[in-house]
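**Student:** Sharing a structure with you now.
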2 protein chains.
Amino acid sequence: MPAEAKVSAKVNKVAKVEARAAAPASPPLTERQEARRRRILHASAQLASRGGFDAVQMREVAESSQVALGTLYRYFPSKIHLLVATMQDQLEHMHGTLRKKPPQGETAAERVAETLMRAFRALQREPHLADAMVRALTFADRSVSPEVDQVSRQTTAIILDAMGQENPTPQQLSAVRVIEHTWHSALITWLSGRASIAQVKIDIETVCRLIDLTAPDTRK
Amino acid sequence: MPAEAKVSAKVNKVAKVEARAAAPASPPLTERQEARRRRILHASAQLASRGGFDAVQMREVAESSQVALGTLYRYFPSKIHLLVATMQDQLEHMHGTLRKKPPQGETAAERVAETLMRAFRALQREPHLADAMVRALTFADRSVSPEVDQVSRQTTAIILDAMGQENPTPQQLSAVRVIEHTWHSALITWLSGRASIAQVKIDIETVCRLIDLTAPDTRK
DNA sequence: ATCAAGTCTGGAACTTGTTCTAGATTAGCG
DNA sequence: CGCTAATCTAGAACAAGTTCCAGACTTGAT
């Protein structure tokens, strides 16, 4: 086989290095490696779309993506890492999609709420996938912090985009943090059947008021 | 042995029935059963206080509490059930403790924030235990909904107590929901090392503003 | 072309949550 | 007291995440 290796490197710890930050730093990945990685993520999302968290079984992911179990673990050091990476992947999609149709609301709060509800509706279309990703995210321990943080940053970016504020104040950033907290926790209550879709909507709208409360132009 | 059975019953499914609602409905438990249950919860909390979630291993809990593994599973149908029950137990303590010294703040928001920070400091004293309980709580699936709901109600009660409002408005109840979301999620970010104690404090204070924003007397 | 290092594979092995079984023990009842 | 059902115990067995290993394949460099 001719064209196999493109990117050379002395640094070659695929998993640890690669998983740490999706695209940015240190991805000296061969084409075939990149392809494997995609196959794995695809299989993960596919299995998750059926049975949710429990249905994503490492042996099955390995088989579906035509990779040995050991290799799967080299790319993603645990099931949680795999699912969080899957979420990163899905979030990028989402962000792209959302960018295309910016929210219409008058106030920043309305736009953020609208954006989150749009994301929520997308999740409702694949509730099992949502289950797998969100459960992994909140169950992640310290060893997954970098990846979870990346997801958090991506989420923050989406919200700030929706706000349409170039220079958010510290208070607004605090509000955004709280919104993220609420978003995650509300999703969990929905996924575990303890809150209805309507209730999640209310919670999102409620927390989004914090934005206008802290907006430099709207008040004070 | 003479005095063993006190409460008689035809309904005797310990686990399912008993776990469903801590004290209220259907606890026809023998003294020895009650003692076993306590031993189990105690062992659970003890193990959790060391290594956190992972250190609570069902075999060890069974051994520590001098109960067969099968019996442990009869009392608590899964590790998650066990840890959520442990949390219920701890929460009751906490509520009792908090009741004694009501918060001093001027506004409802201040009092709630103060109360939550007090709870937070208590958790900081046993970070591993906190880890076990909170992780279990957010990882719980539908099969644990009733128990998780009970924890949620207890938390709501604590917050409403701190507010000192007898008849909260619907908006205030919404605010309380959001506060709970933030509380749980902020704890998780702290436990997984992604947020500092100071950051959690800020998040709590930020979300608590929602209360005054919706207070019937403070505004409008 | 060949070598050394790194990677991938198939599969066994280990860990811990969960389930199951057979045989004591205990509880409630006549 | 003696019976029957429920409960408890010890321990095997099973499931899925994770780790290990020996051998084959790739890669990058000499």
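The values are calculated or read from the model by the stated rules, or taken from the named source; none is laboratory data. Computed from a predicted structure; not experimentally measured. Glycine also receives a Cβ, built like all others from the backbone with ideal geometry; neighbour counts cover every protein chain displayed. Note: accessible area is taken over every heavy atom of the protein model, side chains too, but ligands, DNA and RNA are not part of it. Shrake-Rupley method; radii C 1.70, N 1.55, O 1.52, S 1.80 Å.
**Student:** Over all residues in A:197-206, what is the mean tally of Cβ atoms on other chains that come within 10 Å of each residue's Cβ?
**Tutor:** 3
**Student:** Taking the label point 7 Å from Cα in the Cβ direction, how far apart in nm is A:Pro77 from each other copy of itself, listed shortest first?
**Tutor:** Those separations, rounded to one decimal, come out as 3.6 nm.
**Student:** What percent do you get for the relative contact order of chain B when only Cα pairs under 8 Å and 6+ apart count?
**Tutor:** The normalised contact order for chain B reaches 21 percent.
**Student:** Using only Cα atoms, locate the centre of region A:65-81 and the centre of region B:69-120, then give the distance between them in Å, rounded to an integer.
**Tutor:** With region A:65-81 and region B:69-120 each reduced to a Cα centre, they are spaced 38 Å.
**Student:** Ok, one more. Using unit Cβ charges (K, R positive; D, E negative) and no other charged atoms, how large, in debye to the nearest 20, is the dipole of chain A about its Cα centre?
**Tutor:** Dipole of chain A, to the nearest 20 debye: 480 debye.
**Student:** Run the quick spin-label model on B:Arg142 and A:Thr30: label points 7 Å from Cα toward the beta carbon, then report their separation in nm to one decimal.
**Tutor:** Taking the simple label geometry, B:Arg142 and A:Thr30 are separated by 4.4 nm.
**Student:** Just counting partner chain Cβ atoms within 10 Å, what average do the residues of peptide A:146-156 show around their Cβ?
**Tutor:** Working: counts 1, 0, 5, 5, 0, 0, 3, 0, 0, 0, 0.
Taking all residues of A:146-156 together, the mean is 1.
**Student:** Here's something else I'd like to know. What does the copy distance list look like for A:Pro146, label position 7 Å along Cα→Cβ, in nm and ordered from shortest?
**Tutor:** Values, ascending and in nm: 4.5.
**Student:** Can you check how the C-alpha radius of gyration of region B:80-214 compares to 2.2 N^0.38 Å, as a plain ratio?
**Tutor:** That ratio works out to 1.00.
**Student:** For region B:158-220, what is Rg from Cα atoms divided by 2.2 N^0.38 Å, rounded to two decimals?
**Tutor:** 1.21
**Student:** Quickly rank B:109-122, A:97-110 as a protection proxy: mean count of other C-beta atoms within 10 Å, highest first.
**Tutor:** Per-residue Cβ counts within 10 Å, averaged per peptide and sorted highest first, yield B:109-122, A:97-110.
**Student:** Along each principal axis of its Cα atoms, how long is region B:16-139 end to end? Whole angstroms, biggest number first, please.
**Tutor:** Result for region B:16-139: principal-axis Cα extents of 52, 32, 22 Å.
**Student:** Let me ask another. Residues with beta-carbon under 11 Å from that of B:Arg38, excluding B:Arg38: net charge, scoring Lys, Arg +1 and Asp, Glu -1?
**Tutor:** On the way: positive: B:Arg32, B:Arg36, B:Arg37, B:Arg39; negative: B:Glu31, B:Glu34, B:Asp89.
So the surrounding residues net to +1.
**Student:** Once the label point is set 7 Å along the Cα-to-beta-carbon vector, what list of distances in nm do you get between B:Thr30 and its counterparts in the other copies?
**Tutor:** Computed spacing set for this position: 6.5 nm.
**Student:** State the answer as a single residue: which of A:Val148, A:Thr214, A:Leu129 lies farthest towards the positive end of the charge dipole of region A:95-220, with beta carbon charges of +1 for Lys and Arg and -1 for Asp and Glu, about the Cα centre.
**Tutor:** A:Leu129
**Student:** Here's another thing I want to ask about it. Which whole-number value in Å² is the accessible area per residue of chain B, probe 1.4 Å? Intermediate values should be presented prior to the final figure.
**Tutor:** Details: 10800 Å² over 220 residues.
About 49 Å² of surface per residue is accessible.
**Student:** Averaged over its residues, how many other protein chain Cβ atoms are within 10 Å of peptide A:168-181's Cβ atoms?
**Tutor:** Shielding by partners across A:168-181 averages 5.
**Student:** What total accessible area, in Å², is buried where chains A and B meet, using a 1.4 Å probe and rounding to the nearest 100?
**Tutor:** In total, chains A and B hide about 3100 Å² from solvent.
**Student:** Projected area of the protein assembly as shown, taken from the Cα convex hull and averaged over every viewing direction, in nm²? If you can, show how the numbers build up before the last one.
**Tutor:** Working: hull surface 102.8 nm².
Computing the convex hull of the Cα atoms and averaging its projections yields 25.7 nm².
**Student:** Would you give the gap between the C-alpha center of region A:185-208 and the C-alpha center of region B:154-186, rounded to a whole Å?
**Tutor:** After rounding, the separation between the Cα centres reads 15 Å.
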